[in-house]
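Below is the structure I would like to discuss, written out as structure tokens.
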């Protein structure tokens with residue numbers, strides 16, 4: 001339990017760090033754009049950072065992972081850069097993410113949450129996620145900066161249990 005709480009506290013500090021960086025780029029209420037982002041500002045977080053393109057379309061918009069940090073390979077079990085939500089997730093998980101990302105685009109506000117990795121057969125792990133809107137013109141969200149931290153009870157436990 002202590003290890004899980006420590007991981008959660010570390011993830012929360014990382015979220016705060018990235019949020020503070022993003023917020024420092026806002027000017028006069030305008031959202032920062034991709035061109036404003038300098039990865040040097042959050043270098044230690046890069047392994048689980050993502051950039052998500054907003055893909056407008058007829059009907060419901062979609063999202064494509066323009067960039068997925070190298071640490072996300074272990075989470076997803078494969079490279080997800082260049083893939084759409086439907087290519088990465090099953091239908092229920094893709095709908096979850098589409099709803100969350102739609103809210104960020106429509107409200108032009110950051111989003112944060114926790115998503116179980118049970119869809120990957122790892123129900124003992126969850127993603128603590130942060131998504132930050134980016135807008136080339138300062139207003140219309142066209143990209144989302146993401147950060148994910150995996151937390152939970154590790155599956156490599158000793159097997160010793162109380163009687």
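The values are calculated or read from the model by the stated rules, or taken from the named source; none is laboratory data. No experiment lies behind these values; they were computed from the predicted model shown. Virtual Cβ from ideal backbone geometry, glycine too; neighbours counted across all protein chains shown.
Evaluate the range 43-66: report whether one residue or more is in contact (Cβ under 8 Å) with a residue 40 or more places away in the chain, assigned to a helix (DSSP H, G or I), within 18 Å of residue 150 (Cα to Cα) and touching a helix residue (DSSP H, G or I) at 6+ places or on another chain (Cβ under 9 Å).
Yes, the conditions are met somewhere in the range 43-66.
Among the residues of the range 62-86, which ones are crowded, with 17+ Cβ neighbours inside 10 Å and farther than 15 Å from residue 52 by Cα?
Within the range 62-86, 75 is the sole residue that qualifies.
So which residues in the range 99-117 are modelled with pLDDT of 95 or more and in contact with a helix residue (DSSP H, G or I) (Cβ under 7 Å, 6 or more places away or on another chain), if there are any at all?
Once the filter is applied, which keeps residues that are modelled with pLDDT of 95 or more and in contact with a helix residue (DSSP H, G or I) (Cβ under 7 Å, 6 or more places away or on another chain), the range 99-117 yields 110, 111.
Report the residue count in the range 87-107 for those that are surrounded by fewer than 16 Cβ atoms within 10 Å (Cβ to Cβ) and in a loop (DSSP other than H, G, I, E, B).
Final tally of qualifying residues: 1.
Based on this model, can you work out whether residue 136 counts as more than 15 Å from the chain's Cα centre (by Cα) and at pLDDT 95 or above?
yes
Which numbered condition in (1) touching a strand residue (DSSP E or B) at 6+ places or on another chain (Cβ under 7 Å); (2) at pLDDT below 90; (3) closer than 21 Å to residue 68 by Cα is the only one that residue 124 fails?
Failing condition for residue 124: (3).
Just need a number here: residues in the range 44-86 that are in contact with a strand residue (DSSP E or B) (Cβ under 7 Å, 6 or more places away or on another chain) and either closer than 20 Å to residue 135 by Cα or modelled with pLDDT under 90 (or both).
Residues in the range 44-86 being in contact with a strand residue (DSSP E or B) (Cβ under 7 Å, 6 or more places away or on another chain) and either closer than 20 Å to residue 135 by Cα or modelled with pLDDT under 90 (or both): 19 in total.
Among the residues of the range 145-160, are any in contact with a strand residue (DSSP E or B) (Cβ under 7 Å, 6 or more places away or on another chain), more than 21 Å from residue 39 (Cα to Cα), in a loop (DSSP other than H, G, I, E, B) and at pLDDT below 85?
Yes: the range 145-160 contains one or more residues that are in contact with a strand residue (DSSP E or B) (Cβ under 7 Å, 6 or more places away or on another chain), more than 21 Å from residue 39 (Cα to Cα), in a loop (DSSP other than H, G, I, E, B) and at pLDDT below 85.
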